[in-house]
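The values are calculated or read from the model by the stated rules, or taken from the named source; none is laboratory data. Since the model is a prediction, treat every value here as computed from it, not as a measurement. Backbone-built Cβ (ideal geometry, glycine too); neighbour counts: all protein chains shown.
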Amino acid sequence: MNALIIKEVIGYENVNKRFEEAKIMFIEMKKILKEIIEGKKWLDRDTKDRIIKKVNDITYYDKIYNDYHNLTNVEKLYELLIYGKKQNYFFIKMYTKFFKELIENSLPEGYEGYIIEILTDNASYFTRSFKIFTLLGYMLEPIFDTHFMIPMKYGSLGSILGHEILHSLDHSNLGIISKYTSGEILSEYSRKEYNIRRQCLVDQYSKYDVRLPGTKIDGVATYDENLSDNSGLKLAYKAYKRYQEKYGSDKNKINGFTRYSNDQLFFISYAHSFCSKVTDEKKMEIINKKVYHLPSDLRIIISIGNQKEFSNAFNCKIGSVMNPKDKCEVWKVKH
């Protein structure tokens, strides 16, 4: 069904254009990240070389989309769905229910779960193969379109790509030195410096007042996602400004939004990509379960609060919620 929707409603050419543009953004953001790493004084030469090599090896993988609209490949998937003549209705119903899981377990490494949920809004970084996926739900309006202004593209899809790229350098993945190979990326000296910066972010989230009874963020459990939110957003902003320096600024002609500057549109688009409605009860459940992702509103507010570019764009008062005096940056970006 997904393949039919892509073919008849969205169109393969339309899909390809979106992924071509995403690849361009991805390549530029990798380049900028390597420049950032090169400029870090708290990273020794060997550590920089290991990180840069790892970043070089990260690929933006869209082969799955080319495979998915190939009828022969789709038929191969459904060859896994085998019914016997003597199987009753209830068995068939149960078997069909678990067909998705059956397919996932039969797919090669790198396809985990995504061939079925291709139209959902999700993205992932695969820790062993260094591949990044963005599913088509993130490539369509209202999150992304090839006709969007540059700040909107980078604020939404760019921040998503940045988030996944930075997962390669989160706490869990610093123990993976190359594809399918465990090893320590940071030297002893760089590890000490990194831990200082990491603790800042852990403490900031742990101390954040979520204003919900009996509810407290676990800054350690959520660190990897929080790091990727913060540093991925910074990386996307840097890439947007780099594009602006090269090609100039877009003129804002969006009805109802002409009062906003390009920088403001960047952050508005970032927040918009998280758009959701969650009850306080559900937020409490998510936070208290100590799952990796925080509720969307907290992900937006805290990560944006760490961006001096946001407070400059919106003239936020120092010491306010959106412009706290103490900001945390692990992989700091200089413009």
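Restricting attention to the range 15-66, which residues are farther than 19 Å from residue 167 by Cα and surrounded by 15 or more Cβ atoms within 10 Å (Cβ to Cβ)?
15, 18, 19, 21, 44, 64, 65
Kindly indicate whether residue 297 is touching a Lys or Arg at 6+ places or on another chain (Cβ under 7 Å) and among the acidic types (Asp, Glu).
No, not satisfied.
If the Cβ limit is 7 Å and pairs must be 6+ apart or interchain, which residue in the range 135-153 that is over 17 Å from residue 163 (Cβ atoms) pairs with which residue that is of a type in the set (Lys, Arg)?
Here the result reads 146/17; 146/18, each pair linking the range 135-153 to a residue that is of a type in the set (Lys, Arg).
What number of residues in the range 187-236 are in a helix (DSSP H, G or I) and closer than 22 Å to residue 41 by Cβ?
Counting residues in the range 187-236 that are in a helix (DSSP H, G or I) and closer than 22 Å to residue 41 by Cβ gives 19.
Tell me which residues, restricted to the range 254-298, are basic (Lys, Arg), modelled with pLDDT of 90 or more and either part of a loop (DSSP other than H, G, I, E, B) or surrounded by fewer than 17 Cβ atoms within 10 Å (Cβ to Cβ) (or both).
259, 282
Looking only at the range 300-321, which residues are in a loop (DSSP other than H, G, I, E, B) and surrounded by fewer than 14 Cβ atoms within 10 Å (Cβ to Cβ)?
Matches in the range 300-321: 315, 317, 318, 319, 321.
For residue 247, indicate whether it is exposed (fewer than 15 other Cβ atoms within 10 Å of the Cβ) and within 22 Å of the chain's Cα centre (by Cα).
Considered against the rule, which asks whether it is exposed (fewer than 15 other Cβ atoms within 10 Å of the Cβ) and within 22 Å of the chain's Cα centre (by Cα), residue 247 comes out as no.
Just to be sure, is residue 125 within 24 Å of residue 13 (Cα to Cα) and either over 12 Å from the mean Cα position of the chain (by Cα) or modelled with pLDDT of 90 or more (or both)?
Taking the combined requirement at face value, the residue does not satisfy it.
Output yes when any residue across the range 165-175 is free of Cβ contacts under 8 Å to residues at least 24 places away in the same chain, out of contact with any helix residue (DSSP H, G or I) (no Cβ under 6 Å at 6 or more places or on another chain) and over 15 Å from residue 301 (Cα atoms), and no when none is.
The answer is yes, given that some residue of the range 165-175 is free of Cβ contacts under 8 Å to residues at least 24 places away in the same chain, out of contact with any helix residue (DSSP H, G or I) (no Cβ under 6 Å at 6 or more places or on another chain) and over 15 Å from residue 301 (Cα atoms).
Quick grid of which residues meet (1) touching a residue at least 12 places away in the same chain (Cβ under 8 Å); (2) among the hydroxyl-bearing types (Ser, Thr, Tyr); (3) touching a helix residue (DSSP H, G or I) at 6+ places or on another chain (Cβ under 8 Å):
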site: 250; (1), (2), (3): yes, no, yes
site: 256; (1), (2), (3): no, no, no
site: 273; (1), (2), (3): yes, yes, yes
site: 290; (1), (2), (3): yes, no, no
site: 294; (1), (2), (3): yes, no, yes
site: 302; (1), (2), (3): yes, no, yes
site: 310; (1), (2), (3): yes, no, yes
site: 325; (1), (2), (3): no, no, no
